[in-house]
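Inspection log for the structure reproduced underneath, given as structure tokens.
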Amino acid sequence: MAGTAKDEIQYDHNHDGIDRRGFLKCMAWAGTGALCVMSGGVLKSYSLSRLPEMSSKETMGELSFVQISDSHMGFNKPANPDVAGTLKAAVVKINALSAAPEFMLHTGDISHLSKPEEFDTVDQILKSAKPQDVFYVPGEHDVLNDDGKQFLERYGKGSKGGGWYSFDKKGAHFIGLVNVMNLKAGGLGTLGHEQLEWLEDDVKHLKHSTPVVVFAHIPLWSVYPEWGWGTEDSAQALAYLKKFGSVTVLNGHIHQTMQKVEGNVTFHTAASTAFPQPQPGKADSPGPMKVPAEQLKSVLGITDVNYVQGQHALAVVDSTLA
Amino acid sequence: MRRSVSIAVLTMTLVVGLGAIGIGQRSVLASAQQKAETTEVKIDNFSFGPGTLTVPAGTTVTWTNRDDIPHTVVSTDGVFKSKVLDTDEKFSFTFSKTGTYPYFCSIHPKMTGKVIVQ
């Protein structure tokens, strides 16, 4: 990783570990695949074309897991009339990864309309994935009409309150948060007082060196508040995570990959397995974006995350379904 | 068509003028009766149109979701609440009492609107 490599950060005006050019590149990579490695709080990002030059130590870790998001099972509009087919394609992609993932995270919008048969279909398709453990957080489409009751019955065993929970894997601490309940008129995603108190308590006794991975549906950073792409009280949650050397935040909701680094925190959003949404402000609304059928799989995808113990680095690799 | 537009403009001017000198009550009602024909709110591109709808008491307002994404119509004060509306699905509510009724989409809370009942 020579410091002069052309894909590394060149101008860090905001001292947030990412320059404008780097940000635009990450944006441009949406749907084409990118690898971002965080080391010592600084994001180093490389296009997938450079992967062959990198050692396997940098891209493969002791813990590997996959994030999938926004399956929207039940959606049948022109933007993708076959969301079951593209979810199956995502499973094929996952099963073909060189480092077999230990588990999957699903960052919400499993279903499109919270219908039991939609959840059933996703469960059935994911059974053919090599990693059998799936950790879920709800999207707003999963908690329609019943305040999340069905979601909690299906996926919330052992969770607290509205479905939040944490677990440990190989020295890393994973926290699943819920920010799609009790949304207020005019507002953004919300964590709420009860969940924030739980979070503060959950991380209180962890060592500062523990790598922390937070996953939730709506981005925990302000991607584009005009479209509701942010979480009202995420700053409070992040304040509790300040003491940690390495925090990785994985979100969905916006149906495109995007990333940002702020101090010790790397934020990353995953592509959808169902349909793409426009870049912030590039359309009248964030509704489903219709692309030519032959291009659809190039704007859908999965996210593969590798953690190398002792390196304080999580490598996040987005791959399209194409 | 041109004539009705100019009458509406004239009425608006009249309402503003009378309102300014404090005897606008009757004229406000007259203008509300003219607008009462609009009882449809369309949901397009993640917004309610019209965003503010003024109707006389007793009017039934119908919302139609014309987006490819589901939305809801939920009163901020808990007065009414639709089930989730998929594409082309509708929700109706009859406003019997005067007042201002702010509402939003509980799935996409940036989407807000209000119904003024006079």
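No value in this document is a laboratory result; all are computed from the given coordinates. Because the structure is predicted, anything quoted here is derived from the model rather than measured. Glycine also receives a Cβ, built like all others from the backbone with ideal geometry; neighbour counts cover every protein chain displayed.
Of A:K77/B:K110; A:K77/B:K90; A:K169/A:K207; A:K160/B:K110; A:K149/A:K184; A:K242/A:K282, which sit over 25 Å apart, Cα to Cα? Kindly include the intermediate steps, with their values, before the conclusion.
On the way: A:K77/B:K110 23 Å; A:K77/B:K90 18 Å; A:K169/A:K207 15 Å; A:K160/B:K110 28 Å; A:K149/A:K184 19 Å; A:K242/A:K282 33 Å.
Going by Cα-Cα distance, A:K160/B:K110; A:K242/A:K282 fall outside the 25 Å limit.
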Discussion item. Can you return the aspartates and glutamates within cross-link range of A:K170? Criterion is Cα-Cα under 19 Å, with same-chain partners fewer than 8 residues away left out.
Written reply: A:E58, A:E62, A:E102, A:D133, A:D202, A:D304
Worksheet item: Hey, any idea what the orientation-averaged projected area of the convex hull of region A:175-287's Cα atoms comes to, in nm²?
Response: 7.1 nm²
Fill in: Positive dipole terminus of region A:115-260, leading residue within A:S246, A:Q124, A:G148 (C-beta point charges)
A:S246
Worksheet, complete the sentence: Cα extents of region A:130-177 along the principal axes, largest first, in whole Å, come to 38, 26, 16
Discussion item. Checking the cross-link filter: which aspartates and glutamates have an alpha carbon closer than 15 Å to that of B:K97, excluding same-chain neighbours under 8 positions apart?
Written reply: B:D77
Fill in: Computed label-point distance, nm, for sites A:K170 and A:S285 using a 7 Å Cα→Cβ extension
4.4 nm
Discussion item. If I take R0 = 25 Å and measure r between the Cβ atoms of B:I116 and A:D147 in this structure, what FRET efficiency does the formula 1/(1 + (r/R0)^6) give, to the nearest 0.05?
Written reply: 0.25
Fill in: trypsin sites (Lys or Arg not before Pro) lying in DSSP loop within region A:110-183, provided at most 14 other Cβ fall within 10 Å
A:K127, A:K157, A:K170
